[in-house]
Every structure is written in structure tokens, then in C-alpha cells.
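Student: Just dropping this structure here.
The values are calculated or read from the model by the stated rules, or taken from the named source; none is laboratory data. Model, not experiment: these values are computed from the prediction. All Cβ positions, glycine included, derive from the backbone under ideal geometry; neighbour counts span all protein chains shown. The area values use the complete protein model at the heavy-atom level, side chains included, leaving out ligands, DNA and RNA. Shrake-Rupley method; radii C 1.70, N 1.55, O 1.52, S 1.80 Å.
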Amino acid sequence: MKILVAVKRVVDYAVKVRVKPDKSGVETSNVKMSMNPFCEIALEEALRIRESGAADEVVAVTVGPAQCADTLRTALAMGADRAVHVDAGAAPVLPLSVSKILRALVQVEQPGLLILGKQAIDDDCNQTGQMVAGLLKWPQGTFASKVVLDKAKQVATVEREVDGGLETLCLDLPAVITTDLRLNQPRYATLPNIMKAKSKVIKKFTPEELNVEIKSDLEVVQVTEPPKRKAGVIVSSVDELVDKLKNEARVL
Amino acid sequence: ISTLVVAEHDGGSIKPSSLSAVEAAVAISRENSISVLLGGSGPNLGKAALHAASSHPLISQVLVADADILMHPLAETWAELVHLVQQKGGYSHIITASNSFGKNILPRAAALLDVSPVTDITEISEPHLFVRPIYAGNALCTVRYVGKDPCMMTIRSTSFPLHSDLAEPKSDAATISQVDLSTFNEESFGKSRWLKLASQDTERPDLGNAHVVVTGGRGLKSAENFKLLEKLAEKLGAAVGATRAAVDAGFVPNDLQVGQTGKIVAPELYMAFGVSGAIQHLAGMRDSKVIVAINKDADAPIFQVADYGLVADLFDVIPELLEKLPEKK
């Protein structure tokens, strides 16, 4: 079985983002970019499934401009067997179009499992996995915190983090899984593997070659700073705190 | 303008988060014809429909989809249900709360309808103009939907609070009608099976809707010490929350996590004990009305957003609070 993993290049999670003065977006030039942390977890899960013998190939895929090839090199260095880069140019691509591109790639690659991060930490959309599952009419296990694959029965048992607890689903393969933080701890790429990754193949497509029309039915009007909370007062004792909460804030 | 609210119900009542979605529908336009969709089976479904019909004066219709396959919130069936209801109703907007139910279902339904959904809306300026947080709330993005109908969205419940006058059920209840499921597209059904839900049974209020939240961070040091917080929560009628650091350290389960990757809360009173104030945690609680921080470290970033800060050892403060706080009426 083959596993397809979608990865996204985003502003590194440790960077404090700054809104551009012209309100067109956040500053991304001269800012460290990395693989979206949820995508690292998705890739790690795929690699572990391959290492357990339940899959034999892991293919990493990304959609975005030329620089996204770096993210695929990282995926290859972590252990993906090969990679696919759909170069959609510099303009941002909405999750709906990304889903259509992924559907087209699924038709090319015929994987048994498509794993994605539950959301990207830039636009925080949390949509792509659900949307591609809908387009493919595949079952979906979103926000997974545990995945157990039964190769003989061709099913995946997925534990999901939902409001108020953990839900368990059983999905027939092929299926889509999106990853939550607690699924695993992603590995680091070692130097020898980074060297090896340089000779692995990245196949390129354009959306046109996959017969996908990029649709933009949602426009960004402006991006602004959130209102700042001003720091309050430091109280000196529990008595003063209880008094303030009772008589000033009136929340007790 | 007509809006379909995809709602959840529990124990014979429509959930508060779904009523927030109704409030969001009202924010789109006062002249909005609002239909509420409920699904499932059994006697609680009928009760919930009655409750929904009289829960908000601007709800005009309650649609009931009664089928065993809708018992569990599987995205495969629910997305097809939304698709089916939209085909018949031709709504201009479809709304659901941005929780694990809504986020799982709505994007899938949007893909079936070939439109781009808008996630996590916190403000509705015009029927197609919305504000939503990005980068974990470190920036706010105003977006305009320019596609075909329906405009599909998930809303943050905390941004659309319920109006208190809703406590009185109104007399002229909305009409209740059954959804005709004879044309249900069952192609993707049966490929996923719901096995179980392991829930934490608790008497305390739900984290997402509680008026008071007490949260513990890594400073609590152990799962055992979280019991102290639980006592405090009981006294205050509060929900217990935790930081990602406390969850990662194994002190508490992940469904208590407050933050970008956990729950977004906006209670009247938020009390943080031993919480440093990481960006991703602040993203989950910055809209709270009054924030209190108790931390030994005077330089902890949490103090920059707290209305009241107390630099002290939480293990001294909690017992003292237990003694000095008034009993919850």
C-alpha cells in the first residue's frame, strides 16, 4: 500500500508574526519558514506505518510556489520515498482548490491512505482533509490522536479528539486521516538522510496538467492586528484579589 | 437571505453552541429566514425539535432528519444530509458552530457543494463580509465571500453570545417538518463505522460555555495537584482548563486544553494558575472578560494580559482562596 501525505510550507511556529503596515497580510519576507507542525505529525505517522510493514511507500506532496520544494526536501530527509510538487504560482490557493489538486493526485497515485495535518498554523482553516475526503467520497477520520491499521481487513481504527472526550471510528480503506498534536512526536532529519534526500526525485505538476481550475471565491480584504489587552494591576495578597474581584470587577 | 443552521442536540435540547450559530444568523441580517436542521433518531430528537422551535424568536422552521444512520455525528452522512437539504432549500447561508462537530462536517459538505467555507468567524460585518482570526489569533483577517450560494461558515460560539431574553420560551413556535430522505445519496455511507465515545463524566460545566474557568499550567507540577484546582472549580461553579504544557506533561487529558490547538474560551472570569502565557495559550483565552494570573515568576508573559496579577506560589494561594472565596450561590 502507498500512503500520500500532504505537507504545507508556513511561517515557522516560533516566529512572532507581524502584520504588514499596508494591512495586506503578515510579513513573510525574511521570515523563517518551516513545514507546518501538523503536517510533520502526518508525515511521521505515515513513516511509522511504513516501518511497521503495513505500507511500502510514502509520497509527500505540496501545493505552492517554487520555494515549497524546500519543504519537500525536508519531507524526503525525514524519510518520504519521493515527492510531488504542484507549482500553483505565488498567489495563495484556497483549501477547495488544494483539495481538487489532491483528488487529481490521488487518481494518479492510487494511495490506500491520504494523511494530512488537521490545520495549517498560518490560515488556521482546518478544511482541506475534510474537503478532499468529500470530493473522493472516502471516509474521513479527522483530528486523530491514535491510528491503528489492519492490513488484512483493510481498515483503519482512528481515535479522534472531540469535544468532551475521545471518539473511535473504524474506516474502510482507502481513507483520509487528519492529525492532531498528540498522535506522535515527529523525528528530526539526520545529516546522512538530509544528504540522501538530495538525490530523491521531486516530480512537478502544474494545476493545468492535473485539469484543476484554481478558484478564488473568497477574498482577503485586510489583515489587522488584534486589539491589545492592556496589562492590569498587580495585587499584593489573596485578600486584595478577592476584594477586587468582588467589588471592582464584580465577577464573584 | 435565508440561513440553514446545522445544529446539535443533547438530552432533548438544542445545544447552546448551536443557539450561538442562530445568533450569528441574526447578525447576518434581521430579515433572515432561519431554518434549524436537527438529525438523529429516538424520542430525544422530537423533544429537541420542540425545544429548538421555541428557543429563538427568529427561527422560522425546524427541519428534522430522522434516521438511524444520523445517530452518530459521522461526517460522511451529515455532509450528504446538508447537501440534500441545501438542494431543496436553496439557502444563501449555512452556519454551524466551530466545534469538533461543525469543523468535521461543514468543510466536507462545502466540497460537495463546490464552495469555499469560512472557518472560525468572530464577527459578521455584512452578509458576505467576515472577520476571522489567523496565525493563532495574532492577526485578524477580514474576508469577503464572492462565490455562489450558499456561503458556508463556522462561527466561534464565544463571539456570538446568547441573549438572556431567550430564557423565556416564546409562544408562537416555529414549524417543524421532516426532511424527506428518500433521495439520500448513500454512496459514501457504510465505509465508516462509529465505535465508541469515551467521555469524561463530570458535574462541572462544559469548558466552552462556562462563566468561570480555572486553568492550570506546568506550574501545577502533577496530575495529583490538579485535584486542588478541581476543588477550587467546584467552589466557583467553574470549568477546569489546562495549558498544552500541562497536557503534554500528562497531568490532564487533552480535551481540557485551552489554546489555539485546543478550546477557545471567553468566560466572565478566567483564572490562570502557574501558566506562563505562551502565545498559543493566549490565543485560546484572550477574549475572556476578566483575567486573573497567579504565578511565582513576576516576568511571566501572562501578566501582560491579566487584569489582576498576583506574584505568589500557587500552592499557597489556592488553599487561601478556597477559604476566602464566597460560596457559589
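Student: Could you go through region A:91-98 and let me know if any residue there is surrounded by fewer than 18 Cβ atoms within 10 Å (Cβ to Cβ) and at pLDDT below 95. Let's see the steps before the verdict.
Tutor: Filtering region A:91-98 down to residues surrounded by fewer than 18 Cβ atoms within 10 Å (Cβ to Cβ) leaves A:91-92.
Narrowing further to those that are at pLDDT below 95: A:91-92.
Yes; the residues of region A:91-98 include at least one that is surrounded by fewer than 18 Cβ atoms within 10 Å (Cβ to Cβ) and at pLDDT below 95.
Student: Next up: Out of (1) without any contact (Cβ under 8 Å) to a residue 40 or more places away in the chain; (2) open to solvent by less than 20 Å² (accessible area, probe 1.4 Å); (3) not in a strand (DSSP E or B), what's the single condition that is false for A:Pro192?
Tutor: Tallying (1) without any contact (Cβ under 8 Å) to a residue 40 or more places away in the chain; (2) open to solvent by less than 20 Å² (accessible area, probe 1.4 Å); (3) not in a strand (DSSP E or B), A:Pro192 fails exactly one: (2).
Student: Select from region B:230-256 the residues that are closer than 26 Å to A:Lys16 by Cα and more than 9 Å from chain A (Cβ to nearest Cβ) and list them in ascending order.
Tutor: Residues satisfying the conditions are B:Gly241, B:Ala242, B:Thr243, B:Ala245, B:Ala246, B:Ala249, B:Leu256.
Listed here are the residues, each with its yes/no results for (1) in contact with a strand residue (DSSP E or B) (Cβ under 6 Å, 6 or more places away or on another chain); (2) small (Gly, Ala, Ser).
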{"position": "B:Ser222", "(1), (2)": "no, yes"}
{"position": "B:Ala233", "(1), (2)": "yes, yes"}
{"position": "B:Pro253", "(1), (2)": "no, no"}
{"position": "B:Ala283", "(1), (2)": "no, yes"}
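Student: Same structure again: Take the residues in region A:99-134 that are open to solvent by 30 Å² or more (accessible area, probe 1.4 Å) and assigned to a helix (DSSP H, G or I); name whichever of them is farthest from the other protein chains (Cβ to nearest Cβ).
Tutor: Step one: list which residues in region A:99-134 are open to solvent by 30 Å² or more (accessible area, probe 1.4 Å), which gives A:100, A:103, A:107-108, A:110, A:123, A:128.
If we keep only those that are assigned to a helix (DSSP H, G or I) too, we end up with A:100, A:103, A:107-108, A:128.
Numbers: A:Lys100: 9, A:Arg103: 9, A:Gln107: 16, A:Val108: 19, A:Thr128: 8 Å.
Result: A:Val108.
Student: Oh, and also: Show me the strands (runs of 3 or more DSSP E) entirely contained within region A:197-252 in which 1 or more residues are at the interface with chain B (Cβ under 7 Å from one of its Cβ atoms) and open to solvent by less than 80 Å² (accessible area, probe 1.4 Å).
Tutor: On the way: elements: A:202-205, A:218-224, A:233-235.
Of the strands (runs of 3 or more DSSP E) lying wholly inside region A:197-252, those with at least 1 residues that are at the interface with chain B (Cβ under 7 Å from one of its Cβ atoms) and open to solvent by less than 80 Å² (accessible area, probe 1.4 Å) span A:218-224, A:233-235.
Student: Which residues, counting only those in region B:116-139, are farther than 22 Å from B:Ser17 by Cα and part of a strand (DSSP E or B)?
Tutor: Our first condition is that a residue be farther than 22 Å from B:Ser17 by Cα; within region B:116-139, this holds for B:116, B:135, B:138-139.
Within region B:116-139, B:Ala139 is the sole residue that qualifies.
Student: Still on this model: Restrict the check to region A:150-161 and report whether at least one residue is within 7 Å of chain B (Cβ to nearest Cβ) and out of contact with any strand residue (DSSP E or B) (no Cβ under 7 Å at 6 or more places or on another chain).
Tutor: Let us first name the residues in region A:150-161 that are within 7 Å of chain B (Cβ to nearest Cβ), namely A:161.
The next check asks that each one be out of contact with any strand residue (DSSP E or B) (no Cβ under 7 Å at 6 or more places or on another chain); those that pass are none.
Within region A:150-161, none of the residues are within 7 Å of chain B (Cβ to nearest Cβ) and out of contact with any strand residue (DSSP E or B) (no Cβ under 7 Å at 6 or more places or on another chain).
Student: Here is a list: A:Leu166, A:Leu173. Which entry is open to solvent by 20 Å² or more (accessible area, probe 1.4 Å) and free of Cβ contacts under 8 Å to residues at least 24 places away in the same chain?
Tutor: Details: A:Leu173 fails: free of Cβ contacts under 8 Å to residues at least 24 places away in the same chain.
It is A:Leu166.
Student: Does B:Ile14 count as open to solvent by less than 50 Å² (accessible area, probe 1.4 Å) and of a type outside the set (Gly, Ala, Ser)?
Tutor: On the way: open to solvent by less than 50 Å² (accessible area, probe 1.4 Å): yes; of a type outside the set (Gly, Ala, Ser): yes.
Considered against the rule, which asks whether it is open to solvent by less than 50 Å² (accessible area, probe 1.4 Å) and of a type outside the set (Gly, Ala, Ser), B:Ile14 comes out as yes.
Student: Given B:Glu230, B:Glu187, B:Glu203, B:Glu234, which one is open to solvent by 90 Å² or more (accessible area, probe 1.4 Å) and in a helix (DSSP H, G or I)? Can you show your working first?
Tutor: Working: B:Glu230 fails: open to solvent by 90 Å² or more (accessible area, probe 1.4 Å); B:Glu187 fails: in a helix (DSSP H, G or I); B:Glu203 fails: in a helix (DSSP H, G or I).
Checking each option against the conditions leaves just B:Glu234.
Student: Would you check which residues across region B:87-103 are crowded, with 20+ Cβ neighbours inside 10 Å and not in a strand (DSSP E or B) and list them?
Tutor: Narrowing region B:87-103 to residues crowded, with 20+ Cβ neighbours inside 10 Å: B:91, B:93-103.
Passing the criteria: B:Tyr91, B:Ser98, B:Asn99, B:Ser100, B:Phe101, B:Gly102, B:Lys103.
Student: Here's a follow-up. List pairs: first in region B:303-321 and under 22 Å from B:Ser222 (Cβ atoms) and within 7 Å of chain A (Cβ to nearest Cβ), second in a helix (DSSP H, G or I) and β-branched (Val, Ile, Thr), Cβ under 7 Å, 6+ apart or cross-chain?
Tutor: Going by the 7 Å Cβ cut-off, the qualifying pairs are B:Leu310/B:Val317; B:Val317/A:Val238; B:Glu320/A:Val238; B:Leu321/A:Val238.
Student: Let me ask another. Which fully enclosed helices (runs of 4 or more DSSP H) of region B:244-329 have 3 or more residues being under 17 Å from the mean Cα position of the chain (by Cα)?
Tutor: On the way: elements: B:244-248, B:279-285, B:314-324.
Of the helices (runs of 4 or more DSSP H) lying wholly inside region B:244-329, those with at least 3 residues that are under 17 Å from the mean Cα position of the chain (by Cα) span B:279-285.
Student: Anything in region B:188-202 that is free of Cβ contacts under 8 Å to residues at least 12 places away in the same chain and either more than 17 Å from the chain's Cα centre (by Cα) or more than 14 Å from chain A (Cβ to nearest Cβ) (or both)? List them, or say none. Explain how you work it out, then say what you get.
Tutor: In the first step, residues of region B:188-202 are kept if they are free of Cβ contacts under 8 Å to residues at least 12 places away in the same chain; the result is B:190, B:193, B:195-199, B:201-202.
B:Gly190, B:Arg193, B:Leu195, B:Lys196, B:Leu197, B:Ala198, B:Asp201, B:Thr202, listed by residue number.
Student: For the list (1) within 13 Å of chain A (Cβ to nearest Cβ); (2) open to solvent by 30 Å² or more (accessible area, probe 1.4 Å); (3) within 30 Å of B:Ser55 (Cβ to Cβ), I need the number of the one condition that B:Ala210 fails.
Tutor: Of the numbered conditions (1) within 13 Å of chain A (Cβ to nearest Cβ); (2) open to solvent by 30 Å² or more (accessible area, probe 1.4 Å); (3) within 30 Å of B:Ser55 (Cβ to Cβ), the odd one out for B:Ala210 is (2).
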